[in-house]
1. If the stretch 61-136 were replaced by its equivalent ellipsoid, with semi-axes equal to the square roots of 5 times the Cα gyration tensor eigenvalues, what would those be, largest first, whole Å?
2. Mind computing the radius of gyration and Dmax over the alpha-carbon atoms of the stretch 129-197? Å is fine for both.
3. Please enumerate, by chain and number, the aspartates and glutamates with C-alpha under 17 Å from the C-alpha of Lys154, excluding those fewer than 8 residues away in the same chain.
4. Sort Val69, Val155, Val360 by Cβ crowding within 10 Å, fewest neighbours at the top.
5. Which order do Cys64, Cys421 fall in if you start with the one that has the fewest other Cβ atoms within 10 Å?
6. For the chain, just the Cα set please: Rg and Dmax, both in angstrom.
7. Hey, what's the per residue convex hull volume over the C-alpha atoms of the stretch 1-129, in cubic angstrom?
8. If the cut-off is 18 Å between C-alpha atoms, which lysines fall inside it for Lys342, apart from same-chain ones fewer than 8 positions away?
Amino acid sequence: QHALSTQDPDVYAAIQNEVDRQNDGLEMIASENFVSRAVLEAMGTPLTNKYAEGLPGKRYYGGCEHVDVVEDLARDRAKKLFGADWVNVQPHSGAQANAALYLKALEPGDKLLGLDLAHGGHLTHGSPVNFSGILYEAAFYGVEKDTGRIDMNKVRDKAHEVQPKMISIGASAYPRDFDYEAFRDIADEVDALLWMDMAHTAGLIAAEVMNDPMPYAHVVTTTTHKTLRGPRGGMMLVGNDIENPFGITARKSGRTKMLGEVLDSGVFPGTQGGPLMHVIAAKAVAFGEALQDDFTTYAQQIVDNAQALAEALIERDYNLVSGGTDNHLVLVDLRNKDLTGKQAEQALEAAGITTNKNMVPYDDKSPFVTSGIRLGTPALTTRGFGPDELRRVAALIDRVLADPSNEDVQQAVRSEVQALCDTFPLYDFATV
Ligand code: PLP
């Protein structure tokens with residue numbers, strides 16, 4: 001008997017229902033995944049009780065000898081996983097990691113250049129509703145209308161026109177890989193800091209199934225909970241042999257600090273207080289998992305599955321932004337199907353398939369309606385789905401979207417979804 005179920009049945013019931021929802025549906029939100037039981041166990045420990053402001057060996061609180069071990073394990077494993085010289089595992093989330101970088105890299109009013117939110121970028125890359133667009137002057141590059149891909153010549157032209165102090169790479173809804181070397185050349189031409197936010201693809205990069213930003217970007221940030229399959233959180237990294245770029249030096253002390261040292265202070269005391277040591281323990285466990293050989297197999301399977309899904313959708317006359325995928329997601333442009341993203345998301349949800357509506361490049365609908373849906377394979381791949389299952393999922397999606405208000409179809413598909421979930425079971429508990 002869990003303490004939670006007797007002490008607080010209301011919270012327990014809601015958690016149980018959420019675990020059931022995860023077990024019994026097809027999770028296709030590209031930014032989600034399922035962590036292992038070991039990662040869950042690490043999160044649910046008394047490490048949540050500990051204040052540990054500072055860094056291992058340099059804390060502002062006593063009693064940190066054991067959490068120091070945990071944080072060192074997380075840092076060392078992350079360094080090994082990505083080939084990094086320096087890493088900070090304390091950011092509470094991806095947005096927090098980015099905030100710490102902005103604090104140290106830019107002064108309010110400075111210019112930055114990033115991928116347009118409507119073309120797949122992220123809120124923290126300069127959107128006017130986010131601190132990044134409120135405090136700094138953001139300009140954007142986008143994808144081409146006909147190819148759905150970034151044209152590096154246009155990025156170069158834009159960078160020369162804007163003269164940004166920082167250029168960001170990284171996306172939440174871009175199905176292709178990035179040319180980091182070309183981005184670095186452009187950044188060098190205009191004397192900008194190059195920042196890669198690899199939140200979505202960190203697991204694919206760790207497993208070397210996608211291009212590696214570490215040798216080119218001055219700073220890399222990420223979430224730890226997407227393809228990397230760790231607990232919800234963030235992280236910052238600096239690659240081997242990256243020189244401290246101009247502008248990020250110790251402003252007050254006479255000494256020139258290491259880039260990582262400066263970024264550490266962007267996290268604490270710059271933008272956060274005490275780190276979440278239970279989450280850092282879970283990060284260490286997840287990084288340990290990602291260092292195993294079978295993680296490479298997993299990452300390759302994510303991409304193979306996304307490609308099988310893409311091909312099966314194209315066969316059914318769905319338009320995919322950029323015509324396919326290099327990574328874990330496909331972005332479906334529903335305009336030829338006379339459907340909005342909102343309608344598609346709702347119809348699929350009723351059939352037990354969780355997706356999210358998403359703007360497509362050059363969308364004429366609002367972010368609350370949209371013309372597209374984003375579909376990802378990381379979570380289904382964790383369940384053990386392979387290309388055959390993804391082709392079946394594509395057929396189920398098509399059945400629902402071909403007749404989006406037909407509840408009989410939704411119920412019939414829901415049963416097939418349940419059968420698939422039963423074949424690939426997930427969690428057999430509510431709380432650990
Ligand atoms: N950066 C990118 C590219 C993302 O896709 C996301 C999350 O979707 C974030 C940052 C923010 O991460 P978090 O939700 O952990 O703050």
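Taken together, the values in this text are just the output of simple stated rules run on the coordinates, not laboratory data. Quantities reported herein were computed from a predicted structural model and do not represent experimental measurements. Positions of Cβ are generated from backbone atoms using ideal geometry, with glycine treated the same way; all protein chains shown enter the neighbour counts.
1. Working from the Cα gyration tensor, I get semi-axes of 31, 15, 11 Å.
2. Considering the stretch 129-197 through its Cα atoms, Rg and Dmax are 12.0, 33 Å.
3. Partners found: Asp116, Glu144, Asp146, Asp177, Asp179, Glu181, Asp185, Asp188, Glu189.
4. Val69, Val155, Val360
5. The most exposed by this proxy come first: Cys421, Cys64.
6. According to the Cα coordinates of the chain, Rg and Dmax are 21.9, 72 Å.
7. 213
8. Lys342 reaches Lys357, Lys365.
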